[in-house]
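The values are calculated or read from the model by the stated rules, or taken from the named source; none is laboratory data. Every value quoted in this text rests on a predicted model; they were computed, and no experiment measured them. So basically every Cβ, Gly included, is an ideal-geometry build from the backbone, and we count neighbours across all protein chains shown.
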Amino acid sequence: SEGLFTYDPGFVATASCESGITYIDGAAGVLLHRGYPIGQLAENSNYVELCYLLLFGELPSKAQYDDFAATVRNHTMVHEQLVNFFKGFRRDAHPMAILCGVVGGLAAFYHDNLDITKEEERRVSAVRLIAKMPTLAAMCHKYNIGQPFNYPRNDLDYAENFLYMMFGNPCESYEVNPVFAKAMDRIFMLHADHEQNASTSTVRLAGSTGANPFACISAGIAALWGPAHGGANEAVLNMLDEIGDESEENIQRFIDRAKDKDDPFKLMGFGHRVYRNFDPRAKVMKETCDEVLGELGLADDPQLKIAKRLEQIALEDDYFIERKLYPNVDFYSGIILKAIGIPTNMFTVIFATARTIGWISHWNEMISSSYRISRPRQLYTGHSKRDYPTK
Ligand code: SDX
């Protein structure tokens, strides 16, 4: 009856939907996309193929892959009028603020003729988003630093093209470093989907009203921005900067702060709602980090040293052991991104770019099944009925 609801703040024990996209066993540290383990995908697949898998449910044949990759390439450009959206922002605006705005703005370009009940139209919307996100992400960076935007180069693959748009400029030729491109593709893959996390749930909730998919993705970007979620990768690097060096006292000081209930500080890149074991993505990320920094001759990178020592000390500390707090996907990603030359304020934008396929796959799954508008209830804690005072 009215008022008798299950009270589950933070949705710790509530399944909000059925989904066949991603499976997580948090106790065992397992992550499967459409049944395939993330470690195997990271080793053998690539981001565009993973997009196909998440969206359509099966790995593509060679012909299906080529066709899908070509379709994604066809959609990499954004409407020239979007440039005007960028110009409305201050140069120093956070790129996540710009991204929320311009992705929401895409709804204005693809709204009136969009019929989301048609599978083909949902597919084209998904492809448009996957294709345009790197373009928009790179435009955020170029706008920040005052350089001209680069048009996408469709002779390059997904990650290469993103790096070209980020770092190329009209004054000099730009050769994409293959080590950077491989690492970038790996980072995109490791962030592609993670079932009903806060931003994906936001996209589903917004989508359950029948809203335009580009606007729904913009809602997801907003939810991702917080430091407890996607903003953690930026926060990790800021934290490592603040720690300063790998001396025992310095690191211990930050560990002690994280344990102190009177201090709001948390160890960034540590802990997870679902994983009570190693985040399997963090394992791959750490290996990738060692690989990339090794190949670049940066194995002695001071921040990598601090991160490793911090991880070691935390994993031996009773506080972290009792609460089963382990490094998550964001702990090592920032060090790789920094080595590639990506500025810290772009880290969460890169997460958003990669997660777009997860968001739109969940949106598509929901719209193509029978669904109802999401409408949680509440436990009312306000006044009981009272009369408005009259004179
Ligand atoms: C992502 O959900 C997803 O799938 C997200 C994600 C994805 O791919 O979409 O995996 C991406 O968001 C990764 C998480 C990035 N965030 C951070 O790294 C920020 C630091 N971590 C946290 O603030 C925290 O661990 C969360 C937000 C990730 C999880 O929060 P929960 O599930 O609400 O856990 P909790 O706050 O209830 O923690 C349980 C206990 C608490 O202590 P007690 O009150 O029981 O004594 O563990 C403590 C917490 O205070 N704790 C930490 C901690 N994380 C949890 N203490 C110190 N440092 C931490 N990082």
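Some values worked out for this structure:
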quantity: Test: MET366 is modelled with pLDDT of 95 or more, more than 16 Å from the chain's Cα centre (by Cα) and either buried (at least 16 other Cβ atoms within 10 Å of the Cβ) or of a type in the set (Gly, Ala, Ser) (or both); calculated: yes
quantity: Selection from region 156-173 of residues that are free of Cβ contacts under 8 Å to residues at least 60 places away in the same chain and within 19 Å of MET133 (Cβ to Cβ); calculated: LEU156, GLU160, TYR164, MET165, GLY168
quantity: Failed criterion for GLY226 (all others in (1) more than 12 Å from the chain's Cα centre (by Cα); (2) surrounded by fewer than 24 Cβ atoms within 10 Å (Cβ to Cβ) hold); calculated: (1)
quantity: Answer residue from region 5-26, given it is in contact with a His (Cβ under 9 Å, 6 or more places away or on another chain) and of a type outside the set (Gly, Ala, Ser) and is surrounded by the most Cβ atoms within 10 Å (Cβ to Cβ) among those; calculated: THR22
quantity: Close pairs (9 angstrom Cβ cut-off, 6 or more residues apart or separate chains): β-branched (Val, Ile, Thr) in region 174-201, near the ligand (Cβ under 9 Å from one of its atoms) and in a helix (DSSP H, G or I) anywhere; calculated: ILE187/PHE351; THR200/ARG355; THR200/GLY358
quantity: Meets criteria (touching a Gly at 6+ places or on another chain (Cβ under 7 Å), within 22 Å of LYS308 (Cβ to Cβ), within 16 Å of the ligand (Cβ to nearest atom) and assigned to a helix (DSSP H, G or I)) for VAL203; calculated: no
quantity: Residue match in region 170-193 (condition: near the ligand (Cβ under 8 Å from one of its atoms), of a type outside the set (D, E, K, R), surrounded by 17 or more Cβ atoms within 10 Å (Cβ to Cβ) and more than 14 Å from MET366 (Cβ to Cβ)); calculated: yes
quantity: Checking ASP193 against (1) acidic (Asp, Glu); (2) modelled with pLDDT under 95; (3) under 17 Å from the mean Cα position of the chain (by Cα); (4) not in a helix (DSSP H, G or I), the condition it does not meet; calculated: (2)
quantity: VAL274 being among the aliphatic types (A, V, I, L, M), within 8 Å of the ligand (Cβ to nearest atom) and in contact with an Asp or Glu (Cβ under 7 Å, 6 or more places away or on another chain); calculated: no
quantity: Unique residue being modelled with pLDDT of 95 or more and in contact with a helix residue (DSSP H, G or I) (Cβ under 8 Å, 6 or more places away or on another chain) when the list is ALA352, ALA299; calculated: ALA352
quantity: Set GLY29, GLY39: member being surrounded by 13 or more Cβ atoms within 10 Å (Cβ to Cβ), touching a residue at least 12 places away in the same chain (Cβ under 8 Å), on the phi > 0 side of the Ramachandran plot and within 20 Å of the chain's Cα centre (by Cα); calculated: GLY29
quantity: Residue selected from region 87-108 under the condition in contact (Cβ under 8 Å) with a residue 60 or more places away in the chain and of a type outside the set (Gly, Ala, Ser), by the criterion nearest to ILE221 (Cα to Cα); calculated: CYS100
quantity: Boolean, ALA235 is modelled with pLDDT under 95, part of a loop (DSSP other than H, G, I, E, B) and on the phi < 0 side of the Ramachandran plot; calculated: no
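The rows are residues; the columns are (1) within 24 Å of PHE351 (Cβ to Cβ); (2) assigned to a helix (DSSP H, G or I); (3) touching a Phe, Trp or Tyr at 6+ places or on another chain (Cβ under 9 Å).
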| site | (1), (2), (3) |
| --- | --- |
| ARG73 | yes, yes, yes |
| VAL78 | yes, no, yes |
| ARG90 | yes, no, no |
| ALA97 | yes, yes, yes |
| ALA108 | no, yes, yes |
| VAL127 | yes, yes, yes |
| ALA138 | yes, yes, yes |
| ASN150 | yes, no, yes |
